[in-house]
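Step one of this worksheet: look at the structure below.
The values are calculated or read from the model by the stated rules, or taken from the named source; none is laboratory data. These numbers come from a predicted model, not from an experiment. FYI the Cβ positions are ideal-geometry reconstructions off the backbone, even for glycines, and counts take in every protein chain you see. For the accessible areas, the whole protein counts, side chains as well, though only heavy atoms, and no ligand, DNA or RNA atoms are used. Shrake-Rupley method; radii C 1.70, N 1.55, O 1.52, S 1.80 Å.
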Amino acid sequence: MESKQWMVEEKELKPKSGWLFLFLFIVLVAGGIALCCLAAQMEQSGLFLAICIVGIALVLLGLFVLTGLKILHPNEAVVLTLFGKYYGSIKKDGFFWVNPFCSIFNPAAGAAGMGRKLSLKAMTLNNEKQKVNDEEGNPIEIGVVVIWRVVDTARAVFNVENYAAFISTQCDAAIRQVARQYPYDVSENGDEKSLRGSSVEIAEILKQEIQSRVLVAGIEVSEARIAHLAYAPEIAAAMLQRQQASAIIAARQKIVDGAVSMVEMALKKLSENQVVELDEERKAAMVSNLLVVLCGSKDAQPIVNSGSLY
C-alpha cells in the first residue's frame, strides 16, 4: 500500500461548451467598448470616470473569460492543475471552457517535439539495437519495435518526469531481462523456446514484461516485436560455421537415410524378379557401390565390366 501513495489516479472532467462563453466574451468586450465610447461623449459629466472604469472592467473580464477556452482535436488530452493541485483531465475532442485559473501541466513538453497537450494516438518506439547476452552467455545484438499509447493521462504526467523517455529506458531493461532467459537458437534436443525460433512466443513475453514496467506511467503496450537479432560481430563467424556444420550434418543424415532405403529396395526388387542371384560377397559389393553413388557429393564415373561377373 505504501508504494502506491505517490501515484496519482486520473480524474476525467466534463467541461462546459466553449460556444456559450465565446458569445459571453463577445458581449462583454462589445459592451465595454460601447461604455468607453459613451464615456468619451460624456467627458464633461461627472459620470465619465465611473462609466470608463466599468467599460474597461468589462473588457478585462471578457479577456479573462477568453483564457478559459480550450480546443482539443481527436486523440488529444490535457491535464489541468489548479494552484498546484491536480484538477482533472479532458480527453474528448471539441471546444470547451474551463476555469481560467487552471493551467495545462506537462513536464515533458518540449522534449522530442512534444507539446503541452498529450497525444492519445498509438506511437511507435524503435529502440536502438543493443548488445546483450543470451541464456548460454553468447553476446548478441537485439532491437525491438514497440507500439504503445497513453491511456492514463494523470499517471503519464505526474508519476514520471518524461513518459516517452521512461518507456524507452524500460524497453532496454525488459530486453535484457528476456534475452538472458532464452538461447539465441534452439538446442540439439529442440524442446525449448529460443529467441530466433520462437518469435511469436518471445514477442508476447516481451510485451508482458514491458507492460508490467510501464503501468506506473499510464502506458498501454499494444505490440512488441524483435526487429533485429544477430550474433555480435566477435562471434558471428564462429556461429555461422556452427550453423553450416549443423545444416551439413542434417543434410547428410537425410541423404544416407534415403540411400539405405533405395539400396534395400533395389536388392528386394532384384530378388523378387529373379534378375540375378547374388551371394553375400556380391551383395556387399553392390551395396557399397550404390552407397558411394547415392551418397557422393559428386557425380559418379561408372566403369563397365565387359568380362564375366565371376
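If you filter the stretch 113-141 down to residues that are charged (D, E, K, R) and outside any loop (DSSP other than H, G, I, E, B), you find that the one that is least open to solvent (accessible area, probe 1.4 Å) is Glu141. Restricting attention to the stretch 178-229, the residues that are under 12 Å from Val144 (Cα atoms) and among the polar types (S, T, N, Q) total 1. A single entry from Ser3, Ser45 fulfils the requirement of being closer than 19 Å to Arg155 by Cα and either in a helix (DSSP H, G or I) or at pLDDT below 90 (or both): Ser3. Tell me, please, whether a residue that is open to solvent by 70 Å² or more (accessible area, probe 1.4 Å) and over 20 Å from the mean Cα position of the chain (by Cα) can be found in the stretch 211-221. Within the stretch 211-221, none of the residues are open to solvent by 70 Å² or more (accessible area, probe 1.4 Å) and over 20 Å from the mean Cα position of the chain (by Cα).
Results for (1) touching a Gly at 6+ places or on another chain (Cβ under 6 Å); (2) at pLDDT 90 or above; (3) farther than 30 Å from Asp185 by Cα; (4) small (Gly, Ala, Ser), shown as yes or no for each residue.
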position: Ile56; (1), (2), (3), (4): no, no, yes, no
position: Leu69; (1), (2), (3), (4): yes, yes, yes, no
position: Val78; (1), (2), (3), (4): no, yes, yes, no
position: Val132; (1), (2), (3), (4): no, no, no, no
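For the structure I just gave you, tell me whether Gln241 is assigned to a helix (DSSP H, G or I), at pLDDT below 80, open to solvent by 70 Å² or more (accessible area, probe 1.4 Å) and under 20 Å from Glu136 (Cβ atoms). Against the criterion (assigned to a helix (DSSP H, G or I), at pLDDT below 80, open to solvent by 70 Å² or more (accessible area, probe 1.4 Å) and under 20 Å from Glu136 (Cβ atoms)), Gln241 qualifies.
Within the stretch 159-187, restricting attention to residues that are of a type in the set (A, V, I, L, M, F, W, C) and assigned to a loop (DSSP other than H, G, I, E, B), which residue is least open to solvent (accessible area, probe 1.4 Å)? By that ranking, first place goes to Val160.
Summed over the stretch 142-158, residues that are in a helix (DSSP H, G or I) and either hydrophobic (A, V, I, L, M, F, W, C) or at pLDDT below 90 (or both) total 4. Val276 falls short on exactly one of the conditions (1) assigned to a helix (DSSP H, G or I); (2) at pLDDT below 80, and that condition is (1). The residue that is least open to solvent (accessible area, probe 1.4 Å), among those in the stretch 13-49 that are under 30 Å from Asp93 (Cα atoms) and of a type in the set (Gly, Ala, Ser), is Gly18.
Only residues that are polar (S, T, N, Q) and modelled with pLDDT of 90 or more were counted across the stretch 178-229, and they come to 4.
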